[in-house]
Amino acid sequence: MRRATPLLPVLVAAALLVTGCGSETAGSRSTGTSGSSPSPVTDPGVDGVRITGLSSPSPGSGTSDLSAAYEVVNDDTESLTYTVLFGFTTASGEVMTKLSQTVRDVGPGRTVRRTVDMPTLVPGAHDVTRVKVSEVTSVPAAEAPAEPGDCPSSGINITTDEGDAAMGLRVVGLWLENCGTADYHVEGYPRLALLDEDREPVDGVRILQGSGAITTAVTGSDDPPRPVTLKPGERARASLVWRNTTQAGVAVNVPYVRVRAKSGAAPFMVTPHLDLGTTGKLGVSPWQAEER
């Protein structure tokens, strides 16, 4: 078992000055599609992801065709699915917009090349002249949540939402979707395994059924478990509840959580980034059918 790791590990950001020229439309594509060739850059990379070239519009043109070519290198022994957060910044480092991309099923020892295009900026935004890789997460490809519209062979999919934060209280929703063709039955609490940045178990954290020992502000989190039957296309929700209070002791950060809808169900690895502080407690609510 791995011991609790320090809170908020440093995420190295590779900031790159845009020097090329060209015009691309916003979106995601594989390197080598139509458009001008990006200017090569030197980038040490972040967790296997590095930018290899940059293209930009003419300064002051007001267009949003900034793009960056990048590559993902999997040095692990299993296939991984990567989620990369890019930041598009001014020369002084002010972030004008962000964009997340997912690169799926990168086999061990393989390199995959992609291009990221800057989204359209809001009116009045300053010129963007730099691109940075802000954060990279990677999960086993077999446990990655499915894209919208896709369905794993298990017939279910588990994802997280953006969550809520107020006065040190954090709440993130786990969503269980029946994307299969038969009814899916579940009762009780999600099965959770907390993992560190190496996707190894984290100890020193108590997983509590309900959130009463943390807060009474989360409606329904302490309700008793009830049977839930999800017809195809229906969803259920459970909540992860914690406080990020930091006092004496070692603060705990949990970037990955392996979730099973019930005992024996297919695992899904999600990335809610649980900054648990020094509380050592995580509350989880029972599955509840989504209200319609």
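Look at Leu16 and say whether it is touching a Lys or Arg at 6+ places or on another chain (Cβ under 8 Å), assigned to a strand (DSSP E or B) and at pLDDT below 50.
For Leu16, the condition - touching a Lys or Arg at 6+ places or on another chain (Cβ under 8 Å), assigned to a strand (DSSP E or B) and at pLDDT below 50 - is met.
I'd like to know if segment 266-276 contains one or more residues that are over 19 Å from Leu169 (Cα atoms), within 18 Å of the chain's Cα centre (by Cα) and open to solvent by 50 Å² or more (accessible area, probe 1.4 Å).
Looking through segment 266-276, none of the residues is over 19 Å from Leu169 (Cα atoms), within 18 Å of the chain's Cα centre (by Cα) and open to solvent by 50 Å² or more (accessible area, probe 1.4 Å).
Whether any residue in segment 207-229 is within 17 Å of the chain's Cα centre (by Cα) and touching a residue at least 40 places away in the same chain (Cβ under 8 Å) is what I want to check. So far as segment 207-229 goes, no, none of its residues is within 17 Å of the chain's Cα centre (by Cα) and touching a residue at least 40 places away in the same chain (Cβ under 8 Å). Would you confirm whether or not segment 281-290 contains a residue that is touching a Gly at 6+ places or on another chain (Cβ under 6 Å) and of a type in the set (A, V, I, L, M)? No, every residue in segment 281-290 fails to be touching a Gly at 6+ places or on another chain (Cβ under 6 Å) and of a type in the set (A, V, I, L, M). Residues in segment 250-284 that are over 13 Å from Val186 (Cβ atoms), modelled with pLDDT of 95 or more and of a type in the set (S, T, N, Q): Thr271 alone. Is it the case that some residue within segment 168-182 is without any contact (Cβ under 8 Å) to a residue 24 or more places away in the chain and within 26 Å of Glu147 (Cβ to Cβ)? For segment 168-182, residues without any contact (Cβ under 8 Å) to a residue 24 or more places away in the chain and within 26 Å of Glu147 (Cβ to Cβ): absent.
The values are calculated or read from the model by the stated rules, or taken from the named source; none is laboratory data. Not measured: the values here are computed from a predicted model. Neighbour counts are summed over all protein chains in view; Cβ atoms, including those assigned to glycine, are modelled from backbone coordinates with ideal geometry. Just the protein is used for accessible areas: all its heavy atoms, side chains included, with ligands, DNA and RNA removed. Shrake-Rupley method; radii C 1.70, N 1.55, O 1.52, S 1.80 Å.
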